[in-house]
Structure formats: structure tokens, C-alpha cells
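Heads up: the structure comes next, in C-alpha cells.
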Amino acid sequence: MRAMVLEAPRAPLKLSDVPEPKPGPNELLVRVSACGVCRTDLQLCEGDVPAHKLPLIPGHQLVGRVEKAAGPFRVGDRVGAGWLASADGSCALCASGRENLCEQARFTGWDTDGGYAQLAVVRADFAFALPEGFDDLSAAPLLCGGVIGYRSLKRAQVKPGERLGLYGFGASASLAIQVARHWGCRVFVATRSKAEQDRARQLGAEWAGAYDEPLPERLDAAVTFAPAAPIVAKALGALAPGATLAINAIHLEGDVSFNYDTLWRERNVVSVANYTRQDARELLELAARIPMVTKRELFPLERANDALAALKAGRISGAAVLTA
Ligand SMILES: [Zn+2]
Ligand SMILES: [Zn+2]
């Protein structure tokens, strides 16, 4: 099968003909029709996030049809798979609904080969049935950007009607804002690009501006999507007393430093790691109900390097998706 393979960090992905993967007893073989391109893939390819195995097929937002059935799925079913490839299901974290933090968790396109390929193996109990109403290309970005954005809102503890700040406005934030607006939140978006500011307003932001512009009000909750320490410090400085800032990043550039006065009065700073299957089911159900709009830019599989370069250069508006 064709796959885009990472052989070494900082080298471009190599279009390769590799053997078809062999699913185990509780695993699906999925013919991939679409795979989202995530900033984490870029960080992996550039070595900022160390690869867990090499060679590696990246990609953790894959949609396709089942070719070898397992668990509740039949041949031909449409399924999706995201970042969480498996967890042990037996540790204290798994038992308390926090499988995203399981020490034995394995991740798609990091510990296991992912969706930058024609076929992928997915554990049946970690695959998702996808609701009707989305085509494959629109469903793919929901599986990482959508779900993690949703978990970030939960971690920021934002409540209906509250003032929410979003810092950075890429694929994940442009999905999260739709959930927040559905909940009746007032949304303030800080992001560098004018085009992203415009898009934020189109999606219901009450205010959108650059990172160094002062916000018109203080925030009850905020999420940073831009993986840079100065932006985290900015967001922290915009919080009202008692508010929570969720940092949505697997890797943050630089060290965060702030004056204690900006944290005092019971402001909270939390991180966001991965997601649980429950988060994904909730988000997929919400996405179908709202219904969420996914803006995507399509690249054929063999142009994955171009998609990553465009993402790095900030030239993707919405989400980049690889097509079979
Ligand atoms: Zn991702
Ligand atoms: Zn566990």
C-alpha cells in the first residue's frame, strides 16, 4: 500500500510502498478515505515531539471504511479514529474516567502507524461510529482538533453565557467556537492573522483582534491554542478573578513566566492532554446536532509534505485534510 513515512525527524515524509498492516483479533483494518493534518504531526516530523518509533506513518484523524471487521463493526461500516489508540483499561486513571492520562496509553500516528496511508489498523474499542450528516472529509478534523477543542472547553470550565477567550484560531479553535456559541457563550478571539480574525467574527466572535490588543472585557474562561509561552502569559493576564485558563498544547515553545499577581485571586491554569472516548462521543453527537461547519483544505496523500509546510507557514484556513 502507499503511505507517507517518517524515516527520521526533520526529513520530509517519504512516499513509500509498504506492506499492508495485519490487524490482530480485536482490531479493524480500515481503508482510509481522509486523514486530518494536525500541528502535532508537524511537531513530530520536526522532532519537537520525539517519535516513539521509526519509521512511522503519522496521522491521527482518520476516517474510512472497515475492511476487516471486529467488535461491533461490520465490513463496510464508516469509522473514525483519533489520537488515543489504546489504554490499559485497568489502572486507577482509566477506572476513574481519565483514560486520557493512562500511563499505558498508546497514540495513533505516534506509537502506532496512523492514517497517512491507504490502510490503517485501529483497535475496535477505540474506533468511533460517525454520525450521518458529515462527509468523510468534514469528519476527519473533528477527530483531533474538534475533540481536543471540546475537552479544552470542559477543562476551562466555561459555562453558558460566560465570557470565553480563545488565543490562536486554527482548526481546533474554529471548531471549539461553534460549541461555545451553541452554549451561548460570549467569545473573544485573539490571533495574529487578519483572515483568522475575520473568520472568528463570521463564526460568532463578539470581538477579534491581535494578541497585543487589549480585550474589551475580562474573561471568565480562556483556552490557548497557539503553542507559545508569551501567548499563555497574555491569556493569563486577561482573566477575571476565579477564571480558568486551559492550555491546549502537547508541546509549548518557551517557558511561561508571569507575575504572581496575575494568578492570585484564585485564577486557575490547567493543561489539556489528549481526550477520552467519552469526550469524542459527546463532541461527535454535538457536531451533528449544531451542526458544526468544518472548513478544510484538501491535499492528496502524496502531497502530505506540502500540507505540513502550509500549516507551518500559517497558510491553512480551517483544517488540512489528506485524501485517498
Ligand atoms: Zn492532533
Ligand atoms: Zn489505564
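The values are calculated or read from the model by the stated rules, or taken from the named source; none is laboratory data. Keep in mind that what you see is a predicted model, and the values were worked out from it rather than measured. Note that each Cβ is placed from the backbone with ideal geometry, even for glycine, and that neighbours are counted across all protein chains shown. Heavy atoms of the whole protein, side chains included, go into the accessibility calculation; ligands, DNA and RNA do not. Shrake-Rupley method; radii C 1.70, N 1.55, O 1.52, S 1.80 Å.
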For q values of 0.08, 0.10, 0.11 Å⁻¹, compute log₁₀ I(q)/I(0) with the Debye formula on a Cα-only model of the chain, without solvent. -0.34, -0.54, -0.66
Relative contact order of the chain: what whole-number percent is it, with Cα pairs under 8 angstrom and at least 6 residues apart? 19 percent
Accessible area per residue of segment 27-129 at 1.4 Å probe, in Å²? 37 Å²
Mind checking the per residue accessible area of segment 147-239 for me, 1.4 Å probe, whole number of Å²? 37 Å²
So what's the angle, to the nearest 10 degrees on a 0 to 90 scale, between helix 171-182 and the longest Cα principal axis of the chain? 60 degrees
What number of lysine-lysine pairs in the chain show an alpha-carbon separation below 24 angstrom, given a sequence spacing of 8 or more or placement on distinct chains? 14
Dipole check, segment 166-313, charges on Cβ (K,R +1; D,E -1), about Cα centroid: among Phe188, Leu175, Thr244 the Cα furthest to the positive pole belongs to Leu175
Please name which of Thr40, Pro19, Cys91 has its Cα lying farthest along the dipole of segment 1-93 towards the positive end, using unit charges on Cβ (Lys, Arg +1; Asp, Glu -1) and the Cα centre as origin. Pro19
Select from Arg277, Arg98, Arg163 the residue whose mean-square fluctuation is largest in a Gaussian network model of the chain (Cα-Cα springs shorter than 10 Å). Arg98
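I'd like the carbon and sulfur percentage of the solvent accessible area for segment 1-148, probe radius 1.4 Å, heavy atoms only, ligands and nucleic acids excluded.
52 percent
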Leaving ligands, DNA and RNA out of it, report the carbon-plus-sulfur percent of the accessible area of segment 150-293 at a 1.4 Å probe. 50 percent
Restricting to Cα pairs under 8 Å and 6 or more apart, the percent relative contact order of segment 187-324 works out to 15 percent
Of Ala105, Ala246, Ala95, which is the most mobile in a GNM of the chain whose springs link Cα atoms less than 10 angstrom apart? Ala95
Cα-centre dipole for the chain with unit charges at Cβ (Lys and Arg positive, Asp and Glu negative), debye to 20: 460 debye
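Please compute the net charge surrounding Val187, taking Lys and Arg as +1 and Asp and Glu as -1 over other residues with Cβ under 13 Å from its Cβ.
Every neighbour counted, the sum reads +1.
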